[in-house]
Amino acid sequence: MTTLYPAIDLRDGRVVRLRRGDYALETVYGDDPVAVATGFCEQGARWLHVVDLDAALTGERINRAAVEAITAAVAGRAEVQTGGGVRTVEAARSLADIGVSRVVMGSAAVSTPSLVDEVAAVVPVAIGIDHRHGVLAVDGWTAASGVTLTDALAAFPAASAFVITDIERDGTLGGPDVGGLAAAVAATRTPVIASGGVGTIDDLCALAAIHGLHGIIAGRALYEGRFTVAEALAAMP
């Protein structure tokens with residue numbers, strides 16, 4: 001069964017969504033991240049995907065208290081996967097210490113692949129493969145890395161998952177890259193979590209039909225009432 005990961009993106013303590021990763025195109029959906037998290041859990045979510053957007057851009061973890069509060073509030077009901085600014089073993093350990101089940105590494109993994117092995121010894125690591133037209137973006141999606149999606153899938157043997165985000169689709173509700181994600185799943189034995197573009201129940205079902213896909217992240221569609229967590233879980237095979 002494919003796992004649904006409702007997304008909670010944090011900026012300055014608020015729940016927001018960006019469009020195509022552009023910090024200037026921010027929509028605020030609330031100022032109570034814990035209420036959002038517990039609401040998703042009450043509808044059946046067993047994982048949450050939490051992103052510290054401030055830390056992703058600057059490295060400053062001003063949303064750490066919110067991440068800790070979310071993790072504490074859903075303990076025993078859902079697990080938390082957290083990304084954004086995880087660039088050192090110490091940063092990963094501090095998240096593990098507050099109950100985060102898996103950290104997501106992007107920029108630091110691309111710049112220093114060996115760091116993934118060190119972090120994986122502390123807490124499970126998902127690699128954030130955030131790409132534009134197949135080339136990974138780093139530093140809060142503001143710069144191109146030169147590393148291709150294909151190369152990244154083969155570069156991190158210690159990864160417990162890959163979170164693949166098509167930045168041009170992220171936050172648009174315009175539909176996911178089903179073909180590209182299917183090719184990625186076929187190219188690796190590491191679990192793949194799809195992100196970007198989900199706008200309808202049909203999008204979820206199309207992704208869930210990819211043989212071997214581990215998970216799907218949904219964000220803006222949930223916040224804008226396209227479907228609920230409960231409806232998504234009922235529809236996904």
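Quick note: the coordinates plus some simple rules give every number you see, no bench work behind them. On a predicted model such as this, the values are computed, not experimentally measured, just so you know. Reconstructed Cβ throughout: ideal geometry from the backbone, glycine too, with neighbour counts over all protein chains shown.
Here I62 fulfils each of the conditions (1) more than 16 Å from R11 (Cβ to Cβ); (2) in contact with a Gly (Cβ under 9 Å, 6 or more places away or on another chain); (3) of a type in the set (V, I, T) apart from (1). Taking region 56-67 as the region of interest, how many residues are outside any loop (DSSP other than H, G, I, E, B) and under 14 Å from E90 (Cα atoms)? Looking only at that region, the number is 1.
Just one of (1) part of a loop (DSSP other than H, G, I, E, B); (2) in contact (Cβ under 8 Å) with a residue 60 or more places away in the chain fails for G212. It is (2). Within region 15-38, restricting attention to residues that are out of contact with any helix residue (DSSP H, G or I) (no Cβ under 8 Å at 6 or more places or on another chain) and not hydrophobic (A, V, I, L, M, F, W, C), the residue that is farthest from A143 (Cα to Cα) is D32. Can you name every residue in region 34-69 that is within 21 Å of S195 (Cα to Cα), crowded, with 24+ Cβ neighbours inside 10 Å and over 15 Å from the mean Cα position of the chain (by Cα)? F40, the sole residue that qualifies.
Here is a yes/no grid of residues against (1) assigned to a strand (DSSP E or B); (2) in contact with a helix residue (DSSP H, G or I) (Cβ under 9 Å, 6 or more places away or on another chain); (3) β-branched (V, I, T):
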site: E168; (1), (2), (3): no, no, no
site: L173; (1), (2), (3): no, yes, no
site: L181; (1), (2), (3): no, yes, no
site: R189; (1), (2), (3): no, no, no
site: G197; (1), (2), (3): no, yes, no
site: A206; (1), (2), (3): no, yes, no
site: I217; (1), (2), (3): yes, no, yes
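Comparison of G76, G85, G128, G146 shows that the only residue that is in a strand (DSSP E or B) and either touching an Asp or Glu at 6+ places or on another chain (Cβ under 7 Å) or farther than 21 Å from I216 by Cα (or both) is G146.
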